[in-house]
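Visitor: The structure's right below; bear with me while I get my questions together.
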Amino acid sequence: MARRYVIAGNWKMNKTPAEAKALIEELKPMVAGKNGCDIVICVPYVDICTAVEATKGTNIKVGAENVHFAESGAYTGEISAKMLTECGVEYVIIGHSERRQYFAETDETVNLRTKAALAAGLKVILCVGEVKEQRLSGITDEVVSMQTKLDLADVSAEDMKNVIIAYEPVWAIGTGLTATPEQADETCGVIRATLAKMYGQDVADASIIQYGGSMNAKNAAELLAKENVDGGLIGGASLKAPDFTVIVDAAQ
Ligand code: PGA
(Lines give C-alpha, C1' and ligand atoms only; values in the text may rest on other atoms or scores of the structure.)
Protein backbone atom coordinates (compact mmCIF):
# COMPACT_ATOMS: atom_id res chain seq x y z
CA MET A 1 0.00 0.00 0.00
CA ALA A 2 1.70 3.18 -1.17
CA ARG A 3 1.16 6.13 1.11
CA ARG A 4 2.49 9.57 0.34
CA TYR A 5 5.02 10.92 2.80
CA VAL A 6 4.20 14.19 4.53
CA ILE A 7 7.11 16.15 5.97
CA ALA A 8 5.83 18.94 8.21
CA GLY A 9 7.78 21.54 10.14
CA ASN A 10 6.46 22.73 13.48
CA TRP A 11 8.08 26.08 14.11
CA LYS A 12 6.50 26.42 17.59
CA MET A 13 7.00 29.93 19.06
CA ASN A 14 9.89 30.84 16.78
CA LYS A 15 10.43 33.37 13.98
CA THR A 16 9.04 36.87 13.60
CA PRO A 17 7.39 37.66 10.25
CA ALA A 18 10.66 39.04 8.87
CA GLU A 19 12.58 35.98 10.08
CA ALA A 20 9.87 33.72 8.66
CA LYS A 21 10.22 35.35 5.25
CA ALA A 22 13.99 34.89 5.33
CA LEU A 23 13.73 31.20 6.28
CA ILE A 24 11.15 30.49 3.57
CA GLU A 25 13.20 32.29 0.91
CA GLU A 26 16.17 30.15 1.91
CA LEU A 27 14.12 26.95 1.89
CA LYS A 28 12.26 27.48 -1.39
CA PRO A 29 15.10 26.80 -3.84
CA MET A 30 16.40 23.93 -1.68
CA VAL A 31 13.15 21.95 -1.90
CA ALA A 32 12.01 23.14 -5.34
CA GLY A 33 10.92 20.27 -7.59
CA LYS A 34 11.05 17.74 -4.74
CA ASN A 35 7.55 16.43 -5.25
CA GLY A 36 8.00 12.95 -3.83
CA CYS A 37 6.40 14.07 -0.59
CA ASP A 38 4.09 16.82 0.67
CA ILE A 39 6.00 19.62 2.37
CA VAL A 40 4.27 21.67 5.06
CA ILE A 41 5.46 24.41 7.40
CA CYS A 42 3.31 25.06 10.47
CA VAL A 43 4.01 28.58 11.67
CA PRO A 44 2.89 30.98 14.42
CA TYR A 45 -0.37 32.82 13.68
CA VAL A 46 1.36 36.14 13.05
CA ASP A 47 3.59 34.56 10.39
CA ILE A 48 0.72 33.05 8.41
CA CYS A 49 0.14 35.89 5.93
CA THR A 50 3.86 36.19 5.27
CA ALA A 51 4.22 32.44 4.82
CA VAL A 52 1.20 32.10 2.50
CA GLU A 53 2.46 34.99 0.36
CA ALA A 54 6.06 33.74 0.26
CA THR A 55 5.09 30.15 -0.67
CA LYS A 56 2.63 31.02 -3.47
CA GLY A 57 3.36 28.91 -6.56
CA THR A 58 5.79 26.66 -4.66
CA ASN A 59 5.54 23.08 -3.35
CA ILE A 60 5.48 24.31 0.28
CA LYS A 61 2.11 24.35 2.04
CA VAL A 62 1.28 26.38 5.14
CA GLY A 63 -0.21 25.15 8.39
CA ALA A 64 -1.17 26.68 11.73
CA GLU A 65 -0.17 25.30 15.12
CA ASN A 66 -3.62 25.25 16.71
CA VAL A 67 -7.24 26.28 16.10
CA HIS A 68 -10.24 26.98 18.31
CA PHE A 69 -13.37 24.84 18.09
CA ALA A 70 -15.99 27.58 18.04
CA GLU A 71 -16.92 29.38 14.82
CA SER A 72 -16.69 32.78 16.51
CA GLY A 73 -17.48 34.41 19.82
CA ALA A 74 -16.12 35.49 23.16
CA TYR A 75 -12.85 33.55 23.19
CA THR A 76 -10.23 36.22 23.71
CA GLY A 77 -6.93 35.34 22.10
CA GLU A 78 -8.25 32.44 20.02
CA ILE A 79 -8.40 31.88 16.25
CA SER A 80 -11.15 30.07 14.33
CA ALA A 81 -10.84 27.58 11.49
CA LYS A 82 -12.51 29.97 9.05
CA MET A 83 -10.01 32.70 9.91
CA LEU A 84 -7.25 30.26 8.98
CA THR A 85 -8.74 29.02 5.70
CA GLU A 86 -9.50 32.55 4.59
CA CYS A 87 -5.81 33.38 5.05
CA GLY A 88 -4.81 30.45 2.83
CA VAL A 89 -3.90 27.96 5.54
CA GLU A 90 -4.33 24.29 4.51
CA TYR A 91 -3.13 22.34 7.55
CA VAL A 92 -3.37 22.65 11.30
CA ILE A 93 -1.59 20.86 14.14
CA ILE A 94 -4.02 19.83 16.88
CA GLY A 95 -3.33 18.27 20.28
CA HIS A 96 0.41 18.86 20.38
CA SER A 97 1.79 17.67 23.71
CA GLU A 98 2.95 21.20 24.54
CA ARG A 99 -0.67 22.37 24.18
CA ARG A 100 -1.82 19.51 26.39
CA GLN A 101 0.93 20.12 28.95
CA TYR A 102 1.05 23.91 29.20
CA PHE A 103 -2.41 24.98 28.03
CA ALA A 104 -4.61 22.39 29.70
CA GLU A 105 -5.90 20.84 26.50
CA THR A 106 -7.69 17.55 26.94
CA ASP A 107 -8.75 14.79 24.58
CA GLU A 108 -12.19 16.37 24.69
CA THR A 109 -11.05 19.80 23.44
CA VAL A 110 -8.67 18.16 20.98
CA ASN A 111 -11.64 16.26 19.56
CA LEU A 112 -13.74 19.45 19.32
CA ARG A 113 -10.91 21.29 17.58
CA THR A 114 -10.38 18.41 15.17
CA LYS A 115 -14.04 18.34 14.17
CA ALA A 116 -14.18 22.12 13.72
CA ALA A 117 -11.04 22.12 11.58
CA LEU A 118 -12.30 19.29 9.36
CA ALA A 119 -15.68 20.97 8.94
CA ALA A 120 -13.89 24.09 7.71
CA GLY A 121 -11.88 22.10 5.15
CA LEU A 122 -8.53 22.06 6.94
CA LYS A 123 -6.23 19.06 6.97
CA VAL A 124 -5.50 18.06 10.56
CA ILE A 125 -2.18 16.87 11.96
CA LEU A 126 -3.37 15.22 15.16
CA CYS A 127 -0.66 14.57 17.75
CA VAL A 128 -0.71 11.65 20.16
CA GLY A 129 2.04 10.15 22.29
CA GLU A 130 3.01 8.79 25.67
CA VAL A 131 5.05 10.44 28.41
CA LYS A 132 8.18 8.77 29.75
CA GLU A 133 6.54 7.20 32.80
CA GLN A 134 3.89 5.62 30.60
CA ARG A 135 6.50 4.06 28.31
CA LEU A 136 8.46 2.79 31.32
CA SER A 137 5.28 1.29 32.77
CA GLY A 138 4.63 -0.56 29.53
CA ILE A 139 1.34 1.18 28.74
CA THR A 140 2.36 3.06 25.57
CA ASP A 141 0.05 1.02 23.34
CA GLU A 142 -2.94 1.63 25.58
CA VAL A 143 -2.20 5.36 25.86
CA VAL A 144 -1.85 6.05 22.12
CA SER A 145 -4.81 3.85 21.30
CA MET A 146 -7.00 5.63 23.85
CA GLN A 147 -5.92 9.08 22.62
CA THR A 148 -6.59 8.08 19.02
CA LYS A 149 -10.08 6.88 19.87
CA LEU A 150 -11.01 9.88 22.04
CA ASP A 151 -9.49 12.50 19.75
CA LEU A 152 -11.24 11.08 16.69
CA ALA A 153 -14.63 10.43 18.29
CA ASP A 154 -17.39 11.19 15.76
CA VAL A 155 -14.90 11.83 12.94
CA SER A 156 -16.20 9.98 9.87
CA ALA A 157 -14.27 7.55 7.67
CA GLU A 158 -14.68 10.08 4.84
CA ASP A 159 -13.10 12.82 6.96
CA MET A 160 -10.15 10.55 7.76
CA LYS A 161 -8.80 11.40 4.29
CA ASN A 162 -7.95 14.78 5.80
CA VAL A 163 -6.42 13.53 9.04
CA ILE A 164 -2.74 12.85 9.53
CA ILE A 165 -1.71 11.37 12.86
CA ALA A 166 1.62 12.37 14.33
CA TYR A 167 2.99 9.89 16.83
CA GLU A 168 5.13 12.01 19.14
CA PRO A 169 6.52 10.32 22.24
CA VAL A 170 6.61 13.23 24.68
CA TRP A 171 9.97 12.13 26.09
CA ALA A 172 11.51 12.55 22.63
CA ILE A 173 10.30 16.08 21.90
CA GLY A 174 13.05 18.66 21.96
CA THR A 175 15.20 16.41 24.11
CA GLY A 176 17.53 14.99 21.49
CA LEU A 177 16.26 11.54 22.55
CA THR A 178 14.72 9.93 19.49
CA ALA A 179 12.59 6.81 19.54
CA THR A 180 14.45 4.01 17.80
CA PRO A 181 13.16 3.27 14.30
CA GLU A 182 11.75 0.02 15.75
CA GLN A 183 9.91 1.83 18.56
CA ALA A 184 8.53 4.40 16.10
CA ASP A 185 7.42 1.69 13.69
CA GLU A 186 5.84 -0.40 16.41
CA THR A 187 3.82 2.41 17.96
CA CYS A 188 2.77 3.88 14.59
CA GLY A 189 1.61 0.32 13.87
CA VAL A 190 -0.45 0.29 17.08
CA ILE A 191 -2.11 3.53 15.96
CA ARG A 192 -2.81 2.00 12.53
CA ALA A 193 -4.34 -1.08 14.16
CA THR A 194 -6.55 1.21 16.26
CA LEU A 195 -7.70 2.99 13.09
CA ALA A 196 -8.45 -0.41 11.54
CA LYS A 197 -10.72 -1.25 14.46
CA MET A 198 -12.47 2.12 14.22
CA TYR A 199 -12.75 2.52 10.45
CA GLY A 200 -11.76 -0.75 8.78
CA GLN A 201 -8.49 -1.88 7.24
CA ASP A 202 -8.75 0.22 4.05
CA VAL A 203 -8.93 3.50 5.95
CA ALA A 204 -6.12 2.37 8.25
CA ASP A 205 -3.91 1.39 5.30
CA ALA A 206 -4.52 4.73 3.59
CA SER A 207 -3.92 6.88 6.70
CA ILE A 208 -0.71 8.85 7.01
CA ILE A 209 1.04 8.38 10.36
CA GLN A 210 4.07 10.56 11.02
CA TYR A 211 6.76 10.21 13.64
CA GLY A 212 7.84 13.30 15.58
CA GLY A 213 10.36 13.84 18.38
CA SER A 214 13.92 14.91 17.68
CA MET A 215 13.74 13.81 14.05
CA ASN A 216 16.72 15.39 12.36
CA ALA A 217 18.97 15.32 9.30
CA LYS A 218 20.92 12.38 10.75
CA ASN A 219 18.14 10.00 11.80
CA ALA A 220 15.33 10.84 9.36
CA ALA A 221 16.21 8.29 6.65
CA GLU A 222 16.25 5.40 9.12
CA LEU A 223 12.92 6.40 10.69
CA LEU A 224 11.22 7.05 7.34
CA ALA A 225 12.36 3.67 6.02
CA LYS A 226 10.02 1.96 8.46
CA GLU A 227 6.82 0.49 7.08
CA ASN A 228 4.43 2.33 9.40
CA VAL A 229 6.21 5.71 9.41
CA ASP A 230 4.78 7.91 6.65
CA GLY A 231 6.53 11.16 7.34
CA GLY A 232 7.68 13.42 10.11
CA LEU A 233 6.57 16.30 12.29
CA ILE A 234 9.77 18.19 12.87
CA GLY A 235 10.39 20.89 15.45
CA GLY A 236 13.96 22.08 15.98
CA ALA A 237 15.35 20.81 12.67
CA SER A 238 12.61 22.61 10.71
CA LEU A 239 14.11 25.94 11.74
CA LYS A 240 17.24 25.27 9.69
CA ALA A 241 16.61 25.14 5.94
CA PRO A 242 19.52 22.78 5.13
CA ASP A 243 18.50 20.30 7.86
CA PHE A 244 14.83 20.37 6.89
CA THR A 245 15.87 19.82 3.26
CA VAL A 246 17.85 16.69 4.16
CA ILE A 247 14.68 15.29 5.78
CA VAL A 248 12.63 16.20 2.67
CA ASP A 249 15.28 14.45 0.57
CA ALA A 250 15.01 11.33 2.73
CA ALA A 251 11.29 11.22 1.93
CA GLN A 252 11.68 11.42 -1.85
P1 PGA B 1 11.40 18.36 17.98
O2 PGA B 1 9.83 18.70 18.07
O3 PGA B 1 11.65 17.87 16.56
O4 PGA B 1 12.09 19.65 18.27
O5 PGA B 1 11.66 17.29 18.97
C6 PGA B 1 8.89 17.90 17.43
C7 PGA B 1 7.51 18.42 17.74
O8 PGA B 1 7.28 18.85 18.88
O9 PGA B 1 6.62 18.41 16.87
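The values are calculated or read from the model by the stated rules, or taken from the named source; none is laboratory data. Worth saying up front: this structure is predicted, and the values here are computed from it rather than measured. As a convention, Cβ positions derive from the backbone with ideal geometry for all residues, glycine included, and neighbour counts pool all protein chains shown. Areas reflect the complete protein model, heavy atoms only, side chains present, ligands, DNA and RNA absent. Shrake-Rupley method; radii C 1.70, N 1.55, O 1.52, S 1.80 Å.
Visitor: Of the heavy-atom accessible surface of the chain (probe 1.4 angstrom), what whole percent is carbon and sulfur? If you can, show how the numbers build up before the last one.
Guide: Values: 6070 of 11140 Å².
Here it works out to 54 percent.
Visitor: From the Cα trace of region 59-180, what convex hull volume per residue do you get, rounded to a whole Å³?
Guide: 131 Å³
Visitor: Starting from the Kirkwood radius over alpha-carbon pairs of region 168-232, derive D by Stokes-Einstein at 10 °C in a medium of 1.306 mPa s and give it in µm² s⁻¹.
Guide: Calculated translational D: 133 µm²/s.
Visitor: About the Cα centre of region 20-142, how large is the charge dipole given +1 on each Lys and Arg Cβ and -1 on each Asp and Glu Cβ? Please answer in debye to the nearest 20. Mind showing how you got there, number by number?
Guide: Numbers: 13 positive and 18 negative charges, 73 e Å.
Computed charge dipole of region 20-142: roughly 360 debye.
Visitor: Dipole size in debye (nearest 20) for the chain around its Cα centre, Lys and Arg Cβ +1, Asp and Glu Cβ -1? Display every interim value, and only then the final one.
Guide: Details: 24 positive and 34 negative charges, 92 e Å.
Roughly 440 debye for the chain.
Visitor: Here's a follow-up. Against the 2.2 N^0.38 Å scaling, with N counting residues, where does the chain land? I'd like the Cα-based Rg ratio to two decimal places.
Guide: On the way: Rg = 16.7 Å, N = 252, 2.2 N^0.38 = 18.0 Å.
For the chain, the normalised Cα radius of gyration is 0.93.
Visitor: Solvent-accessible area per residue for the chain at a 1.4 Å probe radius, Å²?
Guide: I get 44 Å² per residue for the chain.
Visitor: Using the Cβ atoms and a cut-off under 10 Å, what net charge is assigned to the surroundings of V89, where Lys and Arg are +1 and Asp and Glu are -1?
Guide: Numbers: positive: K61, K123; negative: E86, E90.
Value of the local net charge: 0.
Visitor: Which one of I139, T85, M198 is farthest out on the positive end of the charge dipole of the chain, using unit charges on Cβ (Lys, Arg +1; Asp, Glu -1) and the Cα centre as origin?
Guide: T85
Visitor: Ranked highest first by the average count of other Cβ atoms within 10 Å around their residues, in what order do 64-71, 200-207, 232-239 fall?
Guide: Final packing ranking: 232-239, 64-71, 200-207.
Visitor: Right, here's the next one. Tally Lys/Arg at +1 and Asp/Glu at -1 over every other residue whose Cβ is under 15 Å from the Cβ of A104; what's the total?
Guide: -2
Visitor: With a sphere of radius 10 Å drawn around the Cβ of V40, what net charge do the other residues whose Cβ falls strictly inside it have (Lys, Arg +1; Asp, Glu -1)?
Guide: Around V40, the surrounding residues sum to 0.
Visitor: Given the options E53, E133, E168, state which has the largest fluctuation in a GNM of the chain using a 10 Å cut-off (strictly under) for Cα springs.
Guide: Maximum among the listed residues: E133.
Visitor: Size of region 86-126 along its principal axes in angstrom, Cα-based, largest extent first?
Guide: Taking max minus min along each principal axis of the Cα atoms, region 86-126 gives 28, 16, 14 Å.
Visitor: Take the Cα pairs of region 1-137, get the Kirkwood Rh, then feed it into Stokes-Einstein at 20 °C and 1.002 mPa s and tell me D in µm²/s.
Guide: Here the translational diffusion coefficient equals 135 µm²/s.
Visitor: Okay, moving on. Step by step: find N for region 99-164, compute 2.2 N^0.38 Å, then divide the Cα radius of gyration by it. What's the final number? Walk me through the numbers before you get to the answer.
Guide: Working: Rg = 12.7 Å, N = 66, 2.2 N^0.38 = 10.8 Å.
After normalising by residue count via 2.2 N^0.38 Å, the value is 1.18.
Visitor: For the chain, build the charge dipole from Cβ charges (+1 Lys, Arg; -1 Asp, Glu) around the Cα centre, then report which of T106, S207, T55 sits farthest towards its positive end.
Guide: Final value for the positive-end residue is T55.
Visitor: Among A179, L224, V248, whose Cα lies farthest out toward the positive end of the dipole of region 144-252, if unit charges sit on the beta carbon of Lys, Arg (+1) and Asp, Glu (-1)?
Guide: Projecting each Cα onto the dipole axis, the largest value belongs to A179.
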